[in-house]
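Down below is the structure, laid out as structure tokens.
The values are calculated or read from the model by the stated rules, or taken from the named source; none is laboratory data. Since the structure is predicted, the reported quantities are computational estimates derived from the model, not experimental observations. Note that we place each Cβ from the backbone using ideal geometry, even for glycine, and neighbour counts take in every protein chain shown. To get the accessible areas, we keep the full protein, side chains included, count just its heavy atoms, and leave off ligands, DNA and RNA. Shrake-Rupley method; radii C 1.70, N 1.55, O 1.52, S 1.80 Å.
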Amino acid sequence: MGPRGPEGGPPALVLPGFLASDRTTMDIRRALARGGWRVHPWGLGINLGAKTDTLELLGRRLDEIYDGRPVLLVGWSLGGMFARELAHRHPDKIRGVVTLCSPFSGDFKTNTNVRELYERIAGHDVNEPPFPRVNGKPPVPTLAFWSRRDGIVAPSAARGLDHEID
């Protein structure tokens with residue numbers, strides 16, 4: 001799966017949620033492409049949770065896409081958490097971060113209904129990912145979409161506190 005949208009469109013990268021893949025984000029990428037974005041899939045297969053090399057692989061993916069214009073990161077659920085971490089590490093290459101029902105705020109033990117499944121599959125405690133986390137708002141514009149009826153992620157976790165979002 002390659003990029004979608006006009007070749008000259010501003011670049012965007014879409015990161016899937018836990019147990020999701022580029023196939024799962026196809027509708028999001030199509031919608032962004034219709035809006036004029038040059039949208040790229042994450043290209044890392046099924047998102048099985050944070051691994052020691054996740055941010056390194058995403059940094060390489062960002063380098064592949066970066067053409068001198070900052071990249072918009074759109075992350076769904078866990079993908080949004082990765083997008084926020086990536087923006088902390090590469091703010092000069094990031095236009096902004098959009099999260100879609102991502103549990104980035106609050107207590108990671110209680111802000112999602114899939115914590116136990118995540119820990120079993122990812123192989124680590126949700127509060128102890130295999131790379132150092134940077135807390136707080138990334139140094140780029142952020143937009144958080146959330147739902148009162150998500151059913152998986154607590155609204156307060158996906159909405160964020162005033163100092164965590166724009």
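Considering all different alpha carbon pairs of region 88-166, the Kirkwood hydrodynamic radius works out to 13.5 Å.
Please report the carbon-and-sulfur percent of the accessible area for region 54-166; probe 1.4 Å, protein heavy atoms only, DNA, RNA and ligands left out. Exposed carbon and sulfur together represent 52 percent of the surface. For the options Arg34, Arg61, Arg84, a Gaussian network treatment of the chain with springs between C-alpha atoms closer than 10 Å singles out Arg34 as fluctuating the most.
Of the whole protein surface, Tyr66 contributes about 70 Å² of accessible area at a 1.4 Å probe radius. At full extension, Arg69 and Met1 could sit 22.3 nm farther apart than now, given 0.36 nm per residue minus the alpha carbon distance. For region 1-74, report the % of Cα-Cα distances exceeding 20 Å. Result for the distance tail: 26 percent. Helix-only mean residue ellipticity at 222 nm, the chain, DSSP H runs n ≥ 4 weighted -39,500 (n - 2.57), per residue, nearest 500. What is it? Value at 222 nm, helices only: -8000 deg cm²/dmol. Using Cβ point charges alone (K and R +1, D and E -1), the dipole size of region 64-115 about the Cα centre works out to roughly 100 debye.
Computed over protein heavy atoms with a 1.4 Å probe, the accessible surface of the chain works out to 50 Å² per residue. Running Debye on the chain with equal point scatterers at the Cα sites and no solvent, what base-10 log of I(q)/I(0) appears at q = 0.12, 0.14, 0.16 Å⁻¹? Log-scaled intensity ratios, in q order: -0.47, -0.66, -0.87. Of the residues Ile46, Ile165, Ile121, ranked by 1.4 Å probe accessible area with the largest first, the sequence reads Ile46, Ile121, Ile165. Magnitude of the charge dipole for the chain, about its Cα centre and with charges confined to Cβ atoms of Lys, Arg (+1) and Asp, Glu (-1), is about 460 debye.
Most fluctuating residue of Phe18, Phe82, Phe104 in a GNM of the chain with Cα springs under 10 Å: which is it? Largest GNM mean-square fluctuation: Phe18.
The convex hull built on the alpha-carbon positions of region 59-134 has an orientation-averaged projected area of 5.3 nm².
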